[in-house]
1. Touching a strand residue (DSSP E or B) at 6+ places or on another chain (Cβ under 7 Å) and away from every other protein chain (no Cβ under 14 Å): is that true of residue B:36 in this structure?
2. What is the number of the single condition among (1) more than 14 Å from chain A (Cβ to nearest Cβ); (2) touching a residue at least 60 places away in the same chain (Cβ under 8 Å); (3) among the aliphatic types (A, V, I, L, M) that residue B:108 does not meet?
3. Only one of B:93, B:113, B:174 is within 28 Å of residue B:34 (Cα to Cα), within 13 Å of another protein chain (Cβ to nearest Cβ), surrounded by 11 or more Cβ atoms within 10 Å (Cβ to Cβ) and in contact (Cβ under 8 Å) with a residue 60 or more places away in the chain. Can you tell me which?
4. Which ones in the stretch A:45-66 are away from chain B (no Cβ under 14 Å) and surrounded by fewer than 15 Cβ atoms within 10 Å (Cβ to Cβ)?
5. Those residues that are surrounded by fewer than 16 Cβ atoms within 10 Å (Cβ to Cβ) and not polar (S, T, N, Q), I need them from the stretch A:23-32; list them, please.
6. Among A:83, A:73, which is the only one that is in a loop (DSSP other than H, G, I, E, B), more than 14 Å from every other protein chain (Cβ to nearest Cβ) and closer than 30 Å to residue A:114 by Cβ?
7. Among the listed residues B:160, B:203, B:198, which satisfies the condition of being within 14 Å of chain A (Cβ to nearest Cβ) and over 16 Å from residue B:112 (Cα atoms)?
Amino acid sequence: MSSLYVRDIVRGWLSDAAAPVKFYDTENFEQKPSDEIWSTVEWGIGFNQKLNFCDDLMETSEFNVVVSGPMGEGDSNVLAAAESLTDYLMAQKDPAGKCLLTMNAAPETFNSSLNYFCVSVAIEYEYQR
Amino acid sequence: MSATSTKGLMITITKNPSTSTPHTPTAITKASPAVATLADTTGIAAGDLIVAEATGFPELDGKTFVAGAVAASTVELLGSDTTGSAGSLGATPILNVTSASAQTPMCLATIDPAVEAPGTTSVGTFCDPSATIPAVAQAGTLTMTGFVELVEYYEELLKAEADGVERVITITLPQNLGYIIVNAIIGSVGWQLPIDGAVGFTATGAMTTKPRHVFP
């Protein structure tokens, strides 16, 4: 799973007022979103790669940004929100230069809920520990 | 039989100008390794590099050793063997000591001291057309790779490539396996810039003598 540094910085970007979609942290939190379209994040399996003989490590993994919207209203609005949020995230820079978002996948339908229509975007990152 | 992981391996490079301290030995044993007697070994620690000069022992002069056991007035020259030497202590012997702390640690991704494989020279005749003798093998090429970062060792590699002055690269092996000493002149530093990856570099040097593995 992604390390705390990565989670904190990504959650910070998603929570920022400049983010185009309202973020709800659902990692061990129960949420009742009041926004029609909202986002959350799910963390993937991380891998550590040793960079050199000085034991510098690089964590590489991906997280999924999940954008949810109302059921029965098509996919355009949710997809547009997901793509806008993805563009926003990929433009973010870690001031410390340790976490770098490297690549994003296209949105895919993510039907994990009976109450919402969801799409998920996988975003890859590198984190120099 | 066992295999040792490279975890804990350390690599250092000497600087130019050299930051060595000269010491005058008052005696050098005929042994393997040789042991030098000094008036004072203050400032000398195990792992320091020692270059011998005008000692009177051809087995030592001009060569690089690693300080082994250091006592109040003696230091072992790991990698040396003066057993059976015909030499005797010269008039103005010097042991130039470069402390480990005066060398620059390098965070390399790979290091490869590739010794040239010995070849053969044909000395064929009609009596024995396939006759060969061993050719003299060159010391070989040292290749080091890493990731570009504006730190001391990367800048030292660039300086080494620019000034062409021989450096000593010391590889300290883990699990008390000793040291590999590489004398090399860095001839080139190049870079790898993949579209999806890290900014890397490759430094290549010509080894001026065959690398040696020395151990207590």
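1. yes
2. Of everything listed in (1) more than 14 Å from chain A (Cβ to nearest Cβ); (2) touching a residue at least 60 places away in the same chain (Cβ under 8 Å); (3) among the aliphatic types (A, V, I, L, M), residue B:108 misses just condition (1).
3. B:174
4. Once the filter is applied, which keeps residues that are away from chain B (no Cβ under 14 Å) and surrounded by fewer than 15 Cβ atoms within 10 Å (Cβ to Cβ), the stretch A:45-66 yields A:45, A:47.
5. A:25, A:27, A:29, A:30, A:32, listed by residue number.
6. Checking each option against the conditions leaves just A:73.
7. The match here is B:198.
For every residue, the table says whether it meets (1) of a type outside the set (Val, Ile, Thr); (2) within 29 Å of residue B:199 (Cβ to Cβ).
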| residue | (1), (2) |
| --- | --- |
| A:88 | yes, yes |
| A:92 | yes, yes |
| A:96 | yes, yes |
| A:100 | yes, yes |
| A:110 | yes, no |
| A:113 | yes, no |
| A:116 | yes, no |
| A:121 | no, yes |
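Coordinate-derived values only; no laboratory data. Quantities reported herein were computed from a predicted structural model and do not represent experimental measurements. Note: ideal-geometry Cβ built from the backbone for every residue, glycine included; neighbour counts use all protein chains shown.
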